[in-house]
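The values are calculated or read from the model by the stated rules, or taken from the named source; none is laboratory data. The shown structure was predicted, so the numbers you read here are calculated from the model rather than taken from an experiment. We place every Cβ from the backbone using ideal geometry, glycine too, and count neighbours over all the protein chains shown. Just the protein is used for accessible areas: all its heavy atoms, side chains included, with ligands, DNA and RNA removed. Shrake-Rupley method; radii C 1.70, N 1.55, O 1.52, S 1.80 Å.
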Protein chains: 2
Amino acid sequence: MQKIQINGAQSLIQTLVNCDVDVCFGNPGTSEMHFVAALDSAPTMRSVLCLFEGVATGAADGYGRLSGKPAATLLHLGPGLANGLANLHNARRANTPIVNIVGDHATYHLQYDALLTSDIVGFARPVSSWIHESKSAKTVAADTARAVQAARSAPGCISTLILPADTAWDEAERPADPLPHRGPEPVSAAAVEAAAALLRNGKKTALILRANALYGAGLEAAGRVQAASGARLLCDTFAPHTELGAGRVPVERIPYFAEQIVSFLEGTEQIILVGSKPPVSFFAYPGKSSWCTPKGCHLSYLAHPHEDACGALAALADTLGAPPQAAKRVPLQLPDMPSGNLTPLAIAQVMANLTPEQAIFADESATSGLALLSTMATGRPHTHLPLTGGSIGDGLPVAVGAAIAAPNRKVVCPHGDGGAAYTMQALWTMARENLDITVVIYANRSYGILNIELQRVGVQETGQKALSMLDLHNPEMNWTKIAQGMGVEASRATTAEEFADLYRSAMQQRGPRLIEAMI
Amino acid sequence: MQKIQINGAQSLIQTLVNCDVDVCFGNPGTSEMHFVAALDSAPTMRSVLCLFEGVATGAADGYGRLSGKPAATLLHLGPGLANGLANLHNARRANTPIVNIVGDHATYHLQYDALLTSDIVGFARPVSSWIHESKSAKTVAADTARAVQAARSAPGCISTLILPADTAWDEAERPADPLPHRGPEPVSAAAVEAAAALLRNGKKTALILRANALYGAGLEAAGRVQAASGARLLCDTFAPHTELGAGRVPVERIPYFAEQIVSFLEGTEQIILVGSKPPVSFFAYPGKSSWCTPKGCHLSYLAHPHEDACGALAALADTLGAPPQAAKRVPLQLPDMPSGNLTPLAIAQVMANLTPEQAIFADESATSGLALLSTMATGRPHTHLPLTGGSIGDGLPVAVGAAIAAPNRKVVCPHGDGGAAYTMQALWTMARENLDITVVIYANRSYGILNIELQRVGVQETGQKALSMLDLHNPEMNWTKIAQGMGVEASRATTAEEFADLYRSAMQQRGPRLIEAMI
């Protein structure tokens, strides 16, 4: 047999690198062995092993959200993809670009319905904007370039490319060049004029910002619009990527619960959506409205999610004759250091005092997060990546992805214990890659939100069996041991002072640390 | 507002109990709070909290495989179901009956596309034989009875019932009575006659058994057929539920790799399928055949998977004029106790010596499992539940479900470390429910099978990056600490003697234990 010049697997990896996709989070199996072997054919491809696919997809979410460009995942047939779906759901809600590479049985093997055969396209469909199954090694390079192009389409999409094993080992074409991206579409002059007219009519107006309107030039442009118009600047509770803290243009965060949103928006006469959607309740509650736009309030779009919110805001600011700079800036206001009981507020106060500038918060602090958000609001400038799709277990993986995207920035991962139990395998990857992440587990031994929601949904009688389903005290997880078992340095804090000592030392070192905060 | 007599959630739980579904493995969220509250309305419903949905679905797999009746799962919208899909894939391959209850947003809330909204039907389709979304509380009871009926249809199916939150809290109809099951269909007399004719024609014949042909009366009938005909009795590598060990009718297990299967079946002139499918390779390999039936071998069906394999074998034995008892029985042959190095064989020798009768093996021992199967083959009588769909991370959850289905039997869970990392959260449920399970982790710090497969799929050059994707040494997981962190008593064995001491003590106590075997 003549030696193959390049096989499909090599054409995949080299095309990914050509298309500027040079990080791969994966957990491969037999059907992906040629892809694994091909990793060494592309020296700049970084391959990160994850012990569970939900870690891989969540890491790709964090990487893509922070860097704006896709990572690849490498997943083992349908069940491997299935294990990654929940965090792909979160990524879809964040509009994170991701390229999933899913291995499959060889094309000629599928007819036998061997045990690992499944409907991979079916698994992929609910989370993917683009799905394709290559049928020949000869098309893998071209298909890969198309998958990357699709992922980079505005506002950021999930591509799933399914590669049967024989497309990996058969002879392939040369690697493909990148295809042009379909980036965010410019907003029409008419849309800008219409928004300007609204902002000049004297009515109480709020802009709800999202995507690139919440950081960098977009946020600055929003600040100019605010200065010229006096409009409120708002963002979703779970805006995927925000720049917060001192010196930034202040943006008010829409609260979580429906009745809080209604009260928060009371009196608003006009809402202008900038890459966002109308505010709605996260869940439905009996007798409460899901729709949270005030009655009679005028709703309009400056930019749809696939459009260029940043450019639209700059044009709007110019149209309004706005000053060159925002009028309002967040002041630096650090709280006193706490003492005594370890509470979510005390944790927030320590973090605000001791976290260095430009840290990245991969935040799944859940019910403990309110104190954190309000306290960190006037802390040092930082980036905030929250849980975007409501599917818990994204925070630890997002921290992995963010740390790989920004190796010179400290990553802080405040995490509820219930959610952390979902993807605790991420700790191992943090240790393996020596990522500069400090994980703080809020150890309240509870699905805290559910104790609140149980009342809110109108449950009238609660028995012992029901309450036990929300409670994690029996047995109590020991996160210090779990983290040590995964190779991560870990310790437990029971007072504010102990927490401050541990957090200070974590901020001063590099590498992964876990602090179990006994709140 | 008038007090509701019974709401949809209560009608669900009470209908499940009416239909003999009285165990629920779950991880509920806000949209399921009424279902949680309703648990206390049915005293005989046992509700088991799992820290990750893959544990819940895997536990339902173990429960259903052992007991033959479905457990329910309670899952939180699309992402909750998604987290459970991989083990539902395994359960589908085992023909395990399961009733998934998946909460959703209230019917009127779905239009707003709130962040947790997803295509639940899409997620469910690849693993479910039956899917339905209730649109009103009034139909929940009837829909639940239909879901249970569908799950209990032969050969055992997965039902997914999607319940919007308002179908839980609105007023409902009275609980429904069970519907008749469509059990296994009887095999026609013609099919029995045809098989009898084959068994009389003097050709070398093998029966491949599955489902209820591999335990109880079915296995006994197969033994009679063997006695009358001299045919080989075979089963799939990953037959879902087998009864093994001394006193049982011996059944040869078809090996894993394609070329081994071909050699194993060489000379076979006739294969009769009894609830099974023709043997094929698990994966495809370049240049190797996927189809493993010998050339010219005659293939026929005595019973299809939905048909009554047990009854067909009994009729076949009678038609053949078989003796009332099998001619062959597995003898009890216990190996010597090992000493020195701790190897998979030494572990198997200890297990064969010290495991009590009627133990259940929830076996995901992967590459370490060959020694176990061959050594335990002549051990004390036991039940074997292996990984059926090739998606690793089912063993620990299956052990949970088996222990709940059979509380008076010892459950042993021999597990590869790579697979155990997938669903390690199951350890917490073992502790919480004080289940009588002994977990043995084969700590080889490797995806052992992939090191074998890398060569077999024809990879010619393997670089450092590729090898690192199969290796779990950096960092080394400490399973003793992880298990202790989850509330399970755990210790490490480095020699055969240490392992024997720990295993002996585990067999003599009740409750969960983990032994980390440093092989």
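Please report the buried accessible area for the interface of B with A, total over both chains, probe 1.4 Å, in Å² to the nearest 100.
8700 Å²
Say R0 is 25 Å: what FRET efficiency, to the nearest 0.05, do B:Gln5 and B:Arg46 get from their beta-carbon distance?
FRET efficiency, B:Gln5 to B:Arg46: 0.50.
Can you spot the lysines whose alpha carbon is less than 26 Å from B:Lys277's alpha carbon? Ignore those fewer than 8 places along the same chain.
B:Lys69, B:Lys203, B:Lys204, B:Lys288, B:Lys295, B:Lys328
What base-10 log of the normalised intensity I(q)/I(0) is obtained for the stretch A:457-519 from the Debye formula, alpha carbons as equal point scatterers, at q = 0.25 Å⁻¹?
With no solvent term, the Cα-only Debye profile gives -1.05.
Nearest 0.05, what FRET efficiency do A:Asn474 and A:Asp119 give at R0 = 25 Å with Cβ-Cβ as r?
0.05
Considering amide H positions built from the backbone, and no H for Pro or chain starts, which residues 5 or more places from A:Gly416, or on another chain, come under 5 Å of its amide H?
Sorted by chain and number, the residues that satisfy this are A:Glu364, A:Ser365, A:Ala366, A:Tyr442.
Quick one: in the stretch A:153-217, what % of C-alpha pairs are over 16 Å apart?
Cα-Cα pairs in the stretch A:153-217 separated by more than 16 Å: 74 percent.
Given label points at 7 Å from Cα along Cα→Cβ, what nm distances, shortest first, separate B:Ala217 from the same residue in every other copy?
The projected label point of B:Ala217 is separated from its counterparts by 7.8 nm.
Going by average Cβ density within 10 Å per residue, which order do the peptides B:379-391, B:299-311 take, highest to lowest?
The packing order, highest mean first, is B:379-391, B:299-311.
Order the following by accessible area, largest value first: A:Leu198, A:Leu316. Probe radius 1.4 Å; ligands, DNA and RNA are ignored.
Descending accessible area places them as A:Leu198, A:Leu316.
Please work out the ratio of the alpha-carbon Rg of the stretch B:50-106 to 2.2 N^0.38 Å and round it to two decimals.
After normalising by residue count via 2.2 N^0.38 Å, the value is 1.04.
Report, for A:Tyr108, each distance to the same residue's label point in the other copies, shortest first and in nm; define the point 7 Å along Cα→Cβ.
6.0
Between the stretch A:367-414 and the stretch B:32-73, how many Å separate their Cα centres?
If you average the Cα positions of each part, the centres end up 33 Å apart.
Could you work out how far apart the two model spin labels at B:Glu489 and B:Ser136 are, taking each label as a point 7 Å from the Cα in the direction of the beta carbon, and quote it in nm?
My value for the distance between the label points is 5.6 nm.
In whole angstrom, and with the biggest value first, how far do the Cα coordinates of the stretch B:399-504 range along each principal axis?
Result for the stretch B:399-504: principal-axis Cα extents of 51, 29, 23 Å.
Under the rule of -39500 (n - 2.57) per DSSP H run of 4 or more residues, summed and divided by the residues of chain B, what mean residue ellipticity at 222 nm is obtained, to the nearest 500 deg cm²/dmol?
Calculated at 222 nm, the ellipticity per residue is -10500 deg cm²/dmol.
Search the structure for amide H atoms under 5 Å from the amide H of B:Leu74, placed 1.01 Å from N in the peptide plane, and list their residues when 5 or more places away or on another chain.
Residues meeting the criterion, in which the H sits 1.01 Å from N, are B:Phe25, B:Gly26, B:Asn27, B:Ile101.
Counting only DSSP beta bridges with both residues in the protein assembly as shown, tell me the antiparallel percent, nearest 5.
Within the protein assembly as shown, antiparallel bridges account for around 10 percent of the total.
Please work out whether the stretch B:356-410 counts as rounded, prolate or oblate from its C-alpha gyration tensor, where a ≥ b ≥ c are the square roots of the eigenvalues and a/c under 1.5 means rounded, while otherwise a/b larger than b/c means prolate and anything else oblate?
oblate
Hey, which residue of B has the C-beta nearest the axis mapping B onto A, and what's the distance in Å?
B:Lys481, 2
How shielded is B:466-476 by partner chains, expressed as the average number of their Cβ atoms within 10 Å of its Cβ atoms?
Other-chain Cβ atoms within 10 Å of each residue's Cβ, averaged: 6.
Looking only at other chains, what is the average number of their beta-carbon atoms within 10 angstrom of each beta-carbon in A:123-131?
The shielding value for this peptide is 4.
On alpha-carbon atoms, Rg over Rh for the stretch B:8-169 using Kirkwood Rh?
0.93
Residue-wise, which Karplus ³J(HN,Hα) couplings in Hz belong to the stretch A:110-123, taking 6.51 cos²θ - 1.76 cosθ + 1.60, θ = phi - 60°, and x for glycine or proline?
4, 4, 8, 6, 4, 4, 8, 6, 7, 7, 5, 4, x, 4
Report ³J(HN,Hα) in whole Hz for each residue of the stretch B:154-166, in order, from the Karplus equation J = 6.51 cos²θ - 1.76 cosθ + 1.60 where θ = phi - 60°; Gly and Pro get x.
5, x, x, 10, 9, 9, 10, 10, 9, 10, x, 4, 6
Can you tell me the accessible area per residue over the stretch B:189-319, all protein chains present, probe 1.4 angstrom, in square angstrom?
37 Å²
Could you pull out every residue, at least 5 positions away or on a different chain, whose amide H is within less than 5 Å of the one on A:Ile271? Hs are placed 1.01 Å off N in the peptide plane, and Pro or chain starts have none.
Residues meeting the amide H criterion: A:Ala206, A:His298, A:Leu299, A:Ser300.
How large, in percent, is the carbon and sulfur part of the accessible surface of the stretch B:119-263 at a probe radius of 1.4 Å?
Its accessible area is 53 percent carbon and sulfur atoms.
Please list the equivalent ellipsoid semi-axes of the stretch A:189-319, computed as the square roots of five times the alpha-carbon gyration tensor eigenvalues, in descending order and whole angstrom.
23, 17, 13
Could you give each residue of the stretch B:182-188 its phi-based ³J(HN,Hα) in whole Hz, using Karplus coefficients 6.51, -1.76, 1.60 with θ = phi - 60°, and x for Gly or Pro?
8, x, x, 6, x, 7, 5
Under the rule a/c < 1.5 gives rounded, and otherwise a/b versus b/c splits prolate from oblate, where does the stretch A:108-197 land using the Cα gyration tensor?
Judged from the Cα gyration tensor, the stretch A:108-197 comes out oblate (a/c at least 1.5, b/c at or above a/b).
How many nanometers, to one decimal and shortest first, lie between the label point of B:Ala142 and those of its other copies, if labels sit 7 Å from Cα toward Cβ?
Label point to label point, same position, other copies: 5.3 nm.
Once you place label points 7 Å from the Cα toward the Cβ at B:Leu467 and A:Gln508, how far apart are they in nm?
Placing both labels 7 Å beyond Cα along the Cβ direction yields 4.0 nm.
If you bin the C-alpha pair distances of the protein assembly as shown every 10 Å from 0, what whole percents do you get?
Calculated P(r), rounded to whole percents: 2, 11, 20, 24, 21, 13, 6, 3, 1, 0, 0.
Could you give P(r) for chain B, binned at 10 Å from zero, as whole percent values over all Cα-Cα pairs?
4, 18, 26, 25, 18, 7, 1, 0
Do any residues of the stretch B:46-72 show a loss of at least 40 square angstrom of accessible area between the isolated chain and the full protein assembly, using a 1.4 Å probe, and if so which?
Buried on complex formation: B:Leu49, B:Leu51, B:Phe52.
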